[in-house]
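These notes concern the structure reproduced below.
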Amino acid sequence: MSAPESSKSPAPPPGGGGSSKLDSLSKEDLVKFAKKQVTHLAEMKKSQAPLMEKLKAKIEEVEQLKLVNEKLTSAAAQKVQNTPTECTECLTKSEALVALEKENAEWKEKASRADMISLELRDLESKVDQLNRALREKTQSLIKAQEVITENDLSLNDMRKETSSSKSSIEKLTEENTRLANSLNEEKEKSSDLEARFKSAECRIADLSDQQGSEKLGLARKMAESENRGRM
C-alpha cells in the first residue's frame with residue numbers, strides 16, 4: 001500500500017538561496033508570501049495525518065504480534081523439554097516475531113521523529129504569523145509617519161511664503177519633522193530586523209519541509225516492505 005504523496009514545498013526563488021528575490025519584493029508581496037507559507041504548512045499537516053494513522057495501526061499490530069511471540073516462546077520452551085523434535089516450527093515463528101519486535105522499535109523511533117518535526121512546524125507557523133502581523137503594523141506606522149512628514153513639508157513651504165511672524169510655527173514644525181524623521185529611521189531599522197527574522201523562519205520552514213518529505217518517503221517504503229513480507 002503506498003503512502004499519500006507528500007506536499008512539496010514551493011521552490012525557493014533562484015539566486016543566492018532566494019535572498020535577492022525576497023529583497024526585491026514589496027512589503028505587501030512579503031505578506032502574501034507569508035500567507036502562502038502558512039497555507040502550505042496546513043496542507044503538510046493534513047497530508048501527514050493519514051500516514052500517522054497507518055503508522056499507529058502498524059505499531060498496534062506489531063504489539064499484538066509481540067504478545068503472540070511471548071506465548072509461542074513459552075510454548076516452545078516446554079516443547080523443547082518434552083518433545084525436542086517437534087519444536088522447530090515454533091522456534092522459527094518465534095525468531096520471526098523477534099524480528100518484528102525489532103521492526104516495531106524502529107517504527108516507534110520514526111514516529112517520534114515525525115512528531116518532533118510536526119511540533120516544530122507548528123511553532124514556526126506561529127512565529128511566521130507573529131512576524132507577519134508585526135511587519136504589517138510597522139509598515140502602517142512607516143506609511144503614516146511618511147504622510148505626516150509630507151503634510152508638514154507642504155505646511156513649511158506655505159509658511160515660508162508668509163511673514164516672519166510665522167517663524168515660530170515653522171521652527172516647531174521643523175522640530176516635529178526632525179523628531180518624526182528620527183522615529184521613522186528607528187521604525188525602518190525595526191522593520192528590517194523583522195524582515196530578516198521573517199526570511200530566516202521561511203528558510204527553516206523550507207528545510208523542515210524537505211526533511212519531512214524524506215521522512216514520509218522512508219516511512220512509506222518501510223510500510224510497503226513490511227506489507228510485502230506479511231503477504232509472503
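Here are a few things to note about the model shown:
- The residues packed around S183, meaning those with a beta-carbon under 14 Å from its beta-carbon, carry a net charge of -1 if Lys and Arg are +1 and Asp and Glu are -1.
- Applying the Karplus relation 6.51 cos²θ - 1.76 cosθ + 1.60 with θ = phi - 60° to region 141-146 yields 3J(HN,Hα) values of 5, 5, 5, 5, 5, 5 Hz, where x marks Gly and Pro.
- With 25 Å as the limit on Cα-Cα distance, the pairs of K144/K172; K32/K188; K46/K138 that go past it are K46/K138.
Readers should treat all values here as calculations from the given coordinates under stated rules, not as data from a laboratory. Keep in mind that this is a model prediction, so the values were computed, not measured. As a convention, Cβ positions derive from the backbone with ideal geometry for all residues, glycine included, and neighbour counts pool all protein chains shown.
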